[in-house]
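Step one of this worksheet: look at the structure below.
Read-outs: derived from the displayed coordinates by stated rules, not from any lab. Since this is a predicted model, take the numbers as computed values, not measurements. Cβ sites come from the backbone with ideal geometry, for glycine too, and all protein chains shown count toward neighbours.
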Amino acid sequence: MGIPVWLEAVIAILLLLGALVAALGSLGLARMPDFYMRLHGPTKASTLGVGCTLLGSLLYFSVSGEGFSVQEVLITLFLFVTAPVSAHMMARAALHRRVQAVAKTTQPPRELGRGERNK
Amino acid sequence: MIDFVLPIALGLFSLSLLMNLFRLLRGPDVVDRILGLDTLNINAIAVIVLAGIAMDSRLIFEAALLIALMGFIGTVAMTQYLVRGDVIE
């Protein structure tokens, strides 16, 4: 292989870091006590973890293969644009269904705004 | 070095897929199940990318892009159904 050793080390560190962060996000999804806390794990940590993995893959295929590889950039851009949108829509659905938060939440989720309530 | 790291990363992602599956099956509310399914999609993209590195082939990334697209559309459709009671108005 024609990859320099230091670049290979960077790729390996990126892959390992991405997998660790994504596993932490999924652990948060599995273990947190209520839905609003569970929303934090996947939508922040998992996106960053998958982003690190995609960056490592981008480096690997750009150096070893033939030319720059575009698909990873597309996937990363798409994920980073759509992850906040889907998190927002899930939080709105949870508010709409009145999913209860844990009792010791200091500022419990409010009811939806006027336009939503009168439907 | 990459050959050494790749199985570890795949194992960690399989572990997180299992945890997402746990939340998908157990989730007390429908919204928890939707969140589990969405995270399952995102982690499946990462597994596909790692498989692409392991097999040294770029063709598989089109599948990852398609899965990202379908996962987002599915999440939006399900939450829209919960909020509005209808997907297409």
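Details
- Estimated from the Cβ-Cβ distance and a Förster radius of 35 angstrom, the FRET efficiency linking B:ASP3 and A:HIS40 is about 0.55.
- Modelled label positions at A:PHE80 and B:LEU15, each set 7 Å beyond Cα in the direction of Cβ, lie 2.7 nm from each other.
- Folded to 0 to 90 degrees: helix A:71-96 orientation relative to chain A principal axis, Cα: 10
- Per-residue mean of C-beta atoms belonging to partner chains within 10 Å, peptide A:32-41: 2
- Mean ellipticity per residue at 222 nm, deg cm²/dmol - from DSSP H runs of n ≥ 4 across the protein assembly as shown, formula -39500 (n - 2.57): -25500 deg cm²/dmol
- Two-site label geometry, B:LEU25 and A:ALA9: point separation in nm, points 7 Å out along Cα→Cβ: 4.3
- Multiplying each eigenvalue of the alpha-carbon gyration tensor of chain A by 5 and taking the square root yields semi-axes of 39, 17, 7 Å, largest first, rounded to whole angstroms.
- Cα gyration tensor shape for the protein assembly as shown, rounded if a/c is under 1.5, else prolate or oblate: prolate
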